[in-house]
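The values are calculated or read from the model by the stated rules, or taken from the named source; none is laboratory data. Small disclaimer: the values here were computed from a predicted structure and weren't measured. Positions of Cβ are backbone-derived with ideal geometry, glycine not excepted, and every protein chain shown enters the neighbour counts.
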Amino acid sequence: MQKQYWIFASVLFLMIVFVSCSNSSKVNDSKKAENEMSGKKDAAGPPTIIYKTSSDYYDKVAVTLSEDKKDIVNYPGIKDVYYKGELAYPTKLNDGYLLDNRGIDPTSAFLNITYEAYSKLEKTPSKEELYNMILDKDPFTEMYSCGSKYKFKDIITELNAAIDGKDFGKFTKLK
């Protein structure tokens, strides 16, 4: 009887270990596939997005449009236009590129209001009001996902070096 108990306990232990490892692998594979589909090569940390626009929208608030550009699907509240305690203007890089500090993507559009003016509004405008403020529904001439911000030691220096060397091969072109 004691021998059967140990065999049963051993088999049960091995099954638990196998299922645990199998589920862990599935979770990791799922995360990896999710990151590859989103264009991110580094899963941990906020994405690094650099871009150029057809006009100067440096100080303008961005919203995210639906794929058909007929609706706003994401927009900041009046307190959400800050990054590290400052207004979330993009960081200027070499050759007219900008480093996003707010959360844009290829479906983003710029409004006719500056970060400063938007932050001083008494309340966040409605989606309909914001839609009527859109300056350009297709403002980007180039956009790249450069991986996680955490992979850089000196993000501005490293991005400028890539820009200066026209070395975009390690980035994912979004537009």
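Please enumerate the residues belonging to the stretch 105-140 that are surrounded by 14 or more Cβ atoms within 10 Å (Cβ to Cβ), in a loop (DSSP other than H, G, I, E, B) and hydroxyl-bearing (Ser, Thr, Tyr).
Once the filter is applied, which keeps residues that are surrounded by 14 or more Cβ atoms within 10 Å (Cβ to Cβ), in a loop (DSSP other than H, G, I, E, B) and hydroxyl-bearing (Ser, Thr, Tyr), the stretch 105-140 yields 107, 124.
Any chance the stretch 90-104 includes a residue that's modelled with pLDDT of 95 or more, more than 20 Å from residue 173 (Cβ to Cβ) and not in a loop (DSSP other than H, G, I, E, B)?
Within the stretch 90-104, one or more residues are modelled with pLDDT of 95 or more, more than 20 Å from residue 173 (Cβ to Cβ) and not in a loop (DSSP other than H, G, I, E, B).
Being closer than 15 Å to residue 50 by Cα and touching a Phe, Trp or Tyr at 6+ places or on another chain (Cβ under 6 Å), is that true of even one residue in the stretch 120-134?
no
Go through the stretch 49-78 and give me each residue that's in a strand (DSSP E or B) and out of contact with any helix residue (DSSP H, G or I) (no Cβ under 8 Å at 6 or more places or on another chain).
Within the stretch 49-78, 49, 51, 53, 62, 64, 65, 73, 74 qualify.
Within 25 Å of residue 68 (Cα to Cα), polar (S, T, N, Q) and free of Cβ contacts under 8 Å to residues at least 12 places away in the same chain: is that true of residue 112 in this structure?
The answer is no for residue 112.
Would you confirm whether or not the stretch 155-167 contains a residue that is free of Cβ contacts under 8 Å to residues at least 24 places away in the same chain, surrounded by 13 or more Cβ atoms within 10 Å (Cβ to Cβ), in a helix (DSSP H, G or I) and more than 18 Å from the chain's Cα centre (by Cα)?
Scanning the stretch 155-167 turns up at least one residue that is free of Cβ contacts under 8 Å to residues at least 24 places away in the same chain, surrounded by 13 or more Cβ atoms within 10 Å (Cβ to Cβ), in a helix (DSSP H, G or I) and more than 18 Å from the chain's Cα centre (by Cα).
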